[in-house]
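This report concerns only the one structure given below.
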Amino acid sequence: MRVVSLICCITASILFINSNLNLLNAFFLSILLVGLPGMAITQMRMPNVSVISRKEAYLTSGMAIILMGSLALGLGLGAGGPTGMSHYIRLENWPREILIGLVLTILGIGLLMAFSFLRRISGSKETEIVAQLMPVTSEEKLLFSGLSVCAGLGEEVAYRGYAISAVVMAGGSAPFAAIVTSVAFGLVHSYQGFIGIFRTGIFGLIMGSALLYTESLWSLVLAHTLIDLLAGLVLTKKLLD
């Protein structure tokens, strides 16, 4: 963890010195791109916990994601924040956003099913923690639904709306921003194993590309939420078998 913190601080310093980002935005971007992925990788290397409290996991994860999204929104819309973010959160055409969101949902579910098929023919399994985190009881399903909404909103605001805008403001091209944020987003999900990192990274790249094409965040939020809901409440057995 000390190494991760040191690299995060070094990255923040470089961003602050060599870009138009102020200190707060440089530090927060370094947390998203270096700090959180590094922590996730470190935790993955620790011994697995045999029993996971799903309720506690849903609540703590939901609060952490909402906090992350709120910070991204506040910094992104505040003075000195990434100039592109305010454009992405404008809502001008609800029907268009819903239609694009449904298309992205289909693509996302197709991606999940494709990786599930590849996993089966390769003889590999989802990580134990992924299986344990799937909701079972009605109460757990309700809490998982809340977590899905938090993830759809918080993660898209942070890793697409904010991080892509911040990387572009720091001097990176839009395609580079989509790629580097997708890599970080995949690594944040290291608890899903190598397949999960790759799968989530591709998902992030699809969403990042959609953001750059549509210039709107809301269809991504809708799609992310629906995909998580379908994966956790409807397609669990097919994805885990």
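Could you please tell me which pairs satisfy a Cβ distance under 8 Å, a separation of 6+ or placement on different chains, a first residue in the range 1-30 that is free of Cβ contacts under 8 Å to residues at least 12 places away in the same chain, and a second residue that is crowded, with 18+ Cβ neighbours inside 10 Å and among the aromatic types (F, W, Y)?
F16/F27; L23/F16
Go through the range 128-163 and give me each residue that's closer than 16 Å to I227 by Cβ and among the aromatic types (F, W, Y).
Those that are closer than 16 Å to I227 by Cβ and among the aromatic types (F, W, Y): F144, Y159.
For a quick check of your reading: which helices (runs of 4 or more DSSP H) sit entirely within the range 1-98 and have at least 1 residues that are touching a Gly at 6+ places or on another chain (Cβ under 6 Å) and exposed (fewer than 13 other Cβ atoms within 10 Å of the Cβ)?
none
Residues are listed down the side, and each one gets a yes or a no for (1) buried (at least 18 other Cβ atoms within 10 Å of the Cβ); (2) β-branched (V, I, T); (3) touching a helix residue (DSSP H, G or I) at 6+ places or on another chain (Cβ under 6 Å):
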| site | (1), (2), (3) |
| --- | --- |
| Q132 | no, no, no |
| T137 | no, yes, no |
| G152 | yes, no, yes |
| L187 | yes, no, yes |
| I197 | yes, yes, yes |
| L212 | no, no, yes |
| A223 | yes, no, yes |
| I227 | yes, yes, yes |
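Residues are listed down the side, and each one gets a yes or a no for (1) of a type in the set (S, T, Y); (2) within 17 Å of the chain's Cα centre (by Cα); (3) at pLDDT 95 or above:
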site: L153; (1), (2), (3): no, yes, yes
site: Y159; (1), (2), (3): yes, yes, yes
site: A178; (1), (2), (3): no, yes, yes
site: Y213; (1), (2), (3): yes, no, no
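Just one of the numbered conditions (1) in contact with a His (Cβ under 9 Å, 6 or more places away or on another chain); (2) modelled with pLDDT of 95 or more; (3) under 19 Å from L91 (Cβ atoms) is not true of T225; which one?
Every listed condition holds for T225 apart from (1).
Considering only the range 189-209, state which residues are modelled with pLDDT under 95 and either small (G, A, S) or more than 23 Å from S122 (Cα to Cα) (or both).
The answer is S190, G193, G196.
The values are calculated or read from the model by the stated rules, or taken from the named source; none is laboratory data. Note that this is a predicted model, so its numbers are computed, not measured. Counting neighbours? That spans all protein chains shown, and the Cβs are built from the backbone with ideal geometry, glycine included.
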